[in-house]
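Okay, so here's the structure we're looking at.
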Amino acid sequence: MLEEGTLVFLRSANRKDSFLVSLESEGKLETRLGIVFHKEVMKAGFGGRVCSHNGNVFYIMKPTLGEYLRRIKRKTQIVFPKEAGFILLQLDIGPGARVVECGTGSGSLTTAFAHFVGDEGRVYSYDAREEFVELARRNCRKWGVEHRVEFNVRHLSQGFEETDVDAVFLDLPDPWNYLLQVRSALALGRRMGALLPTFNQIEKFLRALEENYFVDIEVLEIFLRKLRIDPDRIRPEDRMIGHTGYLIFATSIAPLNGGVR
């Protein structure tokens, strides 16, 4: 028996329709395949089946973080799951990590960071617009990780409050202007990352990274292509998620000779 407030993922047995639902005792989901009553979903539980009022079957599954991030409410472009997973690995995010991000946006990456740092870790998220911070806060709360995040309505020109953190990530149009702030927050020998949409921005950022004692620099792009699951006609899907942004990673090192190269 599932409790009220539980997030569930419902997928149609016959079509590709799928829904992310927060259960309410008197709630109902209205779809083109009929009405699904939350009480019946709560009774069936994860791994069960439920029928809409006109007989269409839905499977009840526990939602993955990736599925949740794809469907969060948004007012901005989000970091997609295909990038989020790679970011977590490159920045070595795990239980107990302290992570700073700037450019909270709708909170997609904030939620991912908070999910993986655990209750022992902390995410410090900065954005200049309060409306974005509040939306990100609600999205983190819905996934149950709000208590792991400290939200700040603040422009990065004012700097970060934190020092010696394990990772920094910037989702800004001009990250090259804020590498001094990044260096003040990031522990030496640790990684920072950024997301940029164009080559022009990458060029400026690469020059700034080299000038500010960052090494082991990587620039990459990630594509995701799914296959049709019909065993008699296996081939790529007609559509794929293409370009969503370029990822840049670099490691902070100590200056030599008093900062003179």
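The values are calculated or read from the model by the stated rules, or taken from the named source; none is laboratory data. The structure presented is a predicted model; accordingly, all values stated were derived computationally and were not measured. Glycine gets a Cβ as well: all are built from the backbone with ideal geometry, and neighbour counts include every protein chain shown. For accessibility, only protein heavy atoms count, side chains too; no ligands or nucleic acids. Shrake-Rupley method; radii C 1.70, N 1.55, O 1.52, S 1.80 Å.
What's the carbon and sulfur percent of segment 1-69's accessible surface, probe 1.4 angstrom, rounded to a whole number? That fraction is 49 percent. For a straight C-alpha distance cut-off of 22 angstrom, the lysines reachable from Lys226 (same-chain residues fewer than eight places away being disregarded) are Lys16, Lys62, Lys82. Quarter the surface of the alpha carbon convex hull of segment 151-214 and you get the mean projected area, 4.3 square nanometres.
For segment 119-166, the alpha-carbon coordinates run over 30, 28, 11 Å along the three principal axes, in decreasing order. Here segment 216-256 is treated as an ellipsoid with the same Cα gyration tensor; its semi-axes, largest first and in whole Å, are 39, 10, 5. Model label points for Lys73 and Arg15, set 7 angstrom from Cα along the Cα-to-Cβ axis, are 2.6 nm apart.
The heavy atoms of Val219 present about 70 square angstrom of accessible area, all protein chains included, probe 1.4 Å.
Across the options Gln77, Tyr124, Ala114, the greatest Cα extent toward the positive end of the charge dipole of segment 66-163 (unit charges at beta carbon of Lys, Arg, Asp, Glu) belongs to Gln77. Summarising the amide proton neighbourhood of Leu91: residues at separation of 5 or more, or on other chains, whose placed amide H is nearer than 5 Å comprise an empty set.
Spin-label model, Phe199/Glu211: points 7 Å from Cα along the beta carbon direction are separated by 2.2 nm. The C-alpha atoms of segment 75-228 occupy a region whose extents along the principal axes are 47, 40, 29 Å, arranged from largest to smallest. Protection proxy ranking, highest mean first, for peptides 32-38, 164-170: 164-170, 32-38, where packing is the per-residue count of other beta-carbon atoms within 10 Å, averaged. Helix-only arithmetic for the chain: the sum of -39500 (n - 2.57) across DSSP H runs with n ≥ 4, divided by the residue total, places the mean residue ellipticity at 222 nm at -7500 deg cm²/dmol. Per residue, the chain exposes 53 Å² of solvent-accessible protein surface, assessed with a 1.4 angstrom probe and all protein chains in place. Each label was represented as a point 7 Å from its Cα along the Cα-to-Cβ direction; for Glu131 and Thr64 these points are 3.3 nm apart. Rounded to the nearest 20, the Cβ-based charge dipole of the chain about its Cα centre (Lys and Arg +1, Asp and Glu -1) stands at 1000 debye. May I ask you to give the percent of accessible area on segment 112-243 that is carbon plus sulfur, with a probe radius of 1.4 Å? On segment 112-243, the fraction of accessible area on carbon and sulfur atoms equals 48 percent. So for the chain, considering every pair of alpha-carbon atoms, how many percent are separated by more than 29 Å? Of the Cα pairs, 41 percent sit more than 29 Å apart. Distance from the alpha carbon centroid of segment 178-193 to that of segment 133-154 works out to 23 angstrom. Ranked by the mean number of other Cβ atoms within 10 Å of their residues, highest first, the peptides 58-66, 244-252 fall in the order 244-252, 58-66.
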